[in-house]
Amino acid sequence: MPKLTSVLLVDDDPTNNFLNERLLKRLAVTEHILVAENGQEALAVIQQASTAPQPSYPALILLDIQMPVMNGIEFLQAYQQLPLPQRRATTVVVLTTSMDVRDLTRLEALPAAGRITKPLTLEKLDAVLQQHFQ
């Protein structure tokens, strides 16, 4: 499997980000792991990538739902407004512990390629990679 251009972890929990980053490094999925603590920071990372001389969008975003400032659902709503080529370059997978029916129902109408429950494991990550990057 080819390496991904980059992976963006979007979670306000530093422990989750640390563990997920270790897992990604152990699997050597990508050379570039980006971290944002909320949806607003994630949009800034994406915007910065779009203004680079050679745009390089994250191939994969692992997105938490429950975050301060801008939560995952608000991020996905804003993400829908990005240009289509930008959205096509990235696969967004929701990584959450939320079982809130309202959140899960709202997710169905938003541009997420899938949803997995925390914690991220080798098996779950492998399944995402097999499904979306083969």
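The residue pairs whose first member lies in region 8-37 and is free of Cβ contacts under 8 Å to residues at least 24 places away in the same chain, whose second member is outside any loop (DSSP other than H, G, I, E, B) and loosely packed, with under 14 Cβ neighbours inside 10 Å, and whose beta carbons are closer than 7 Å, counting only pairs six or more residues apart or on different chains, do not exist in this structure.
Taken together, I46, I33 contain a single residue that is farther than 17 Å from K3 by Cβ, under 14 Å from the mean Cα position of the chain (by Cα) and β-branched (V, I, T), which is I46. Exactly one residue among L82, L122 is over 12 Å from the mean Cα position of the chain (by Cα), surrounded by fewer than 16 Cβ atoms within 10 Å (Cβ to Cβ) and among the hydrophobic types (A, V, I, L, M, F, W, C), and that residue is L122. If you go through region 120-134 one residue at a time, do you hit one that is among the small types (G, A, S) and either in contact with a Lys or Arg (Cβ under 8 Å, 6 or more places away or on another chain) or more than 21 Å from F18 (Cβ to Cβ) (or both)? Yes, some residue in region 120-134 is among the small types (G, A, S) and either in contact with a Lys or Arg (Cβ under 8 Å, 6 or more places away or on another chain) or more than 21 Å from F18 (Cβ to Cβ) (or both). Out of curiosity, is L62 at pLDDT 95 or above, out of contact with any Cys (no Cβ under 9 Å at 6 or more places or on another chain) and crowded, with 16+ Cβ neighbours inside 10 Å? Yes.
Across region 102-120, which residue is farthest from P14 (Cα to Cα) among those that are among the hydrophobic types (A, V, I, L, M, F, W, C) and in a loop (DSSP other than H, G, I, E, B)? Per the stated criteria, the residue is A109. If the condition is being surrounded by 13 or more Cβ atoms within 10 Å (Cβ to Cβ) and not aliphatic (A, V, I, L, M), then region 19-54 contributes N20, E21, T30, H32, E37, N38, G39, Q40, E41, S50.
The values are calculated or read from the model by the stated rules, or taken from the named source; none is laboratory data. Remember, predicted model here, so these are calculated numbers, not experimental data. In this analysis, Cβ positions are derived from the backbone assuming ideal geometry, glycine residues included, and neighbour counts consider all displayed protein chains.
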